[in-house]
């Protein structure tokens with residue numbers, strides 16, 4: 001299908017506003033706002049969640065929502081996409097929740113159990129549903145002046161390394177960029193050294209020898225040119241990443257919109273979520289297929305390395321509950337985990353047999369059964 005440019009879509013929206021019924025055209029004031037996604041414009045969480053989604057949002061709002069998009073760390077640094085949106089520097093943006101654990105304790109508890117999941121479609125539906133419906137999570141976003149609008153899940157994280165990592169012994173002393181506490185705990189258990197830095201620093205870290213490996217999706221070989229500095233990929237699954245939000249809005253901004261403008265978000269977010277998930281999976285396959293042409297060796301992990309991951313997956317839930325109670329002081333992290341697990345089981349059953357390559361079917365389910373259940377007149381309005 002031919003894709004329309006932002007300019008073309010804006011023109012369509014303008015034309016629609018000129019020729020529409022007066023009561024429609026005059027229904028809402030035009031609202032200009034900043035949107036920020038600190039990843040490269042070609043990355044799934046920028047390309048589909050912002051570059052392609054925002055023009056759809058503008059059209060769905062009859063041209064009354066006018067976004068200005070910043071990609072890369074131009075408007076806000078990676079770790080500032082909670083405070084910057086909370087304070088209104090950007091009104092909409094993507095935030096990786098593990099960058100701000102003390103502000104998002106519930107989110108960080110759930111981020112740990114992502115280590116045990118391997119289907120990003122089930123995960124994206126489940127984490128979005130949980131954040132939009134569970135009282136503990138809704139209160140967390142309210143406390144941070146955020147209206148949670150959309151979630152995501154990456155493809156499984158693998159190891160992109162500057163040297164061959166095949167056996168358990170190969171992990172000893174290796175400095176690895178990890179995304180969260182679960183991967184950090186696993187790495188420590190096998191003798192590695194966790195390095196907690198934003199993913200935007202992976203390239204320089206690998207290039208300068210400050211990192212031996214990065215735990216990230218294989219798509220980043222291409223999307224962030226990591227195949228220039230990592231010439232080995234170990235295909236071991238270190239779980240998914242779903243922390244934070246794909247789209248979070250400043251709560252004051254959100255509450256200042258009309259019902260029809262808020263509905264425009266719910267009408268368009270399904271495509272963003274499904275498209276980014278599909279690109280993660282397809283992008284992994286593409287990057288791995290091209291990797292040898294860039295001098296990258298694909299490594300199959302030895303049995304002892306694989307076993308270390310499967311053994312650790314068995315204790316992740318207990319570790320997450322302990323993190324919630326002992327580190328964050330949450331009253332009942334076990335209930336939060338159980339509530340999430342019930343939602344995940346619901347979506348696993350619902351998506352059973354659904355072709356993961358059938359974009360239209362997945363978008364329809366997301367639009368009708370996930371975002372379609374939100375009430376634009378009341379959601380995040382208290």
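Give just the number: which of (1) crowded, with 24+ Cβ neighbours inside 10 Å; (2) more than 26 Å from residue 326 (Cα to Cα) does residue 115 not satisfy?
Status for residue 115: all satisfied but (2).
Residue 40: touching a strand residue (DSSP E or B) at 6+ places or on another chain (Cβ under 8 Å), at pLDDT below 95 and farther than 13 Å from residue 244 by Cα, yes or no?
So residue 40 passes the test.
Looking at the range 327-353, which of its residues are surrounded by 14 or more Cβ atoms within 10 Å (Cβ to Cβ) and in a loop (DSSP other than H, G, I, E, B)?
328, 330, 351, listed by residue number.
Can you give me the number of residues within the range 60-82 that are assigned to a strand (DSSP E or B) and touching a residue at least 40 places away in the same chain (Cβ under 8 Å)?
Result for the range 60-82: 1.
Mind listing whichever residues of the range 84-107 are under 13 Å from the mean Cα position of the chain (by Cα) and either in the same structural domain as residue 185 (by TED's automatic domain parsing) or more than 16 Å from residue 249 (Cα to Cα) (or both)?
Hits for the range 84-107 are 98, 99, 107.
Within the range 188-203, can you find the residues that are farther than 23 Å from residue 46 by Cα, outside any helix (DSSP H, G or I) and in contact (Cβ under 8 Å) with a residue 60 or more places away in the chain?
Keep residues of the range 188-203 that are farther than 23 Å from residue 46 by Cα, which gives 188-195.
Add one more test, that the residue is outside any helix (DSSP H, G or I), and what stays is 190-195.
Correct list: 190 only.
Keeping to the range 162-173, report how many residues are in contact with a strand residue (DSSP E or B) (Cβ under 8 Å, 6 or more places away or on another chain) and either surrounded by fewer than 23 Cβ atoms within 10 Å (Cβ to Cβ) or modelled with pLDDT under 95 (or both).
So in the range 162-173, the residues in contact with a strand residue (DSSP E or B) (Cβ under 8 Å, 6 or more places away or on another chain) come out as 162-166, 173.
Filter once more, so that each one left must be either surrounded by fewer than 23 Cβ atoms within 10 Å (Cβ to Cβ) or modelled with pLDDT under 95 (or both): 162-164, 166, 173.
Summing the residues that are in contact with a strand residue (DSSP E or B) (Cβ under 8 Å, 6 or more places away or on another chain) and either surrounded by fewer than 23 Cβ atoms within 10 Å (Cβ to Cβ) or modelled with pLDDT under 95 (or both) in the range 162-173 gives 5.
Inside the range 277-307, can you point out the residues that are farther than 25 Å from residue 229 by Cα and either surrounded by 21 or more Cβ atoms within 10 Å (Cβ to Cβ) or outside the structural domain of residue 230 (by TED's automatic domain parsing) (or both)?
Kept after step one, since they are farther than 25 Å from residue 229 by Cα, are these residues of the range 277-307: 277-278, 303-304, 307.
Listed by number, the residues that qualify are 277, 278.
Given 206, 211, 168, which one is in contact with a helix residue (DSSP H, G or I) (Cβ under 8 Å, 6 or more places away or on another chain), free of Cβ contacts under 8 Å to residues at least 60 places away in the same chain and under 28 Å from residue 323 (Cα atoms)?
211
Just give me the residues in the range 147-173 being over 16 Å from the mean Cα position of the chain (by Cα) and outside any loop (DSSP other than H, G, I, E, B), in sequence order.
Of everything in the range 147-173, those that are over 16 Å from the mean Cα position of the chain (by Cα) and outside any loop (DSSP other than H, G, I, E, B) turn out to be 158, 159, 160, 161, 168, 169, 170, 171.
Before we move on, is residue 345 modelled with pLDDT of 95 or more, in the same structural domain as residue 133 (by TED's automatic domain parsing), over 14 Å from residue 130 (Cα atoms) and touching a helix residue (DSSP H, G or I) at 6+ places or on another chain (Cβ under 9 Å)?
It is false that residue 345 is modelled with pLDDT of 95 or more, in the same structural domain as residue 133 (by TED's automatic domain parsing), over 14 Å from residue 130 (Cα atoms) and touching a helix residue (DSSP H, G or I) at 6+ places or on another chain (Cβ under 9 Å).
So, residue 247, is that one without any contact (Cβ under 8 Å) to a residue 60 or more places away in the chain and outside any helix (DSSP H, G or I) or not?
For residue 247, the condition - without any contact (Cβ under 8 Å) to a residue 60 or more places away in the chain and outside any helix (DSSP H, G or I) - is not met.
Checking residue 216 against (1) within 18 Å of residue 38 (Cα to Cα); (2) surrounded by fewer than 21 Cβ atoms within 10 Å (Cβ to Cβ): exactly one of these is not met. Which one?
(2)
Yes or no: residue 191 touching a helix residue (DSSP H, G or I) at 6+ places or on another chain (Cβ under 7 Å) and surrounded by fewer than 18 Cβ atoms within 10 Å (Cβ to Cβ)?
Working: touching a helix residue (DSSP H, G or I) at 6+ places or on another chain (Cβ under 7 Å): yes; surrounded by fewer than 18 Cβ atoms within 10 Å (Cβ to Cβ): yes.
Answer is yes for this residue.
Looking only at residues that are assigned to a helix (DSSP H, G or I), in contact (Cβ under 8 Å) with a residue 60 or more places away in the chain and under 20 Å from the mean Cα position of the chain (by Cα) in the range 174-187, which one is surrounded by the most Cβ atoms within 10 Å (Cβ to Cβ)?
Among them, the one singled out is 183.
Of all the residues that make up the range 47-60, how many are surrounded by 22 or more Cβ atoms within 10 Å (Cβ to Cβ) and under 16 Å from residue 34 (Cβ atoms)?
So the answer is 7.
The values are calculated or read from the model by the stated rules, or taken from the named source; none is laboratory data. No experiment lies behind these values; they were computed from the predicted model shown. Quick reminder, even Gly has a Cβ in these numbers, built from the backbone with ideal geometry, and neighbours come from all protein chains shown.
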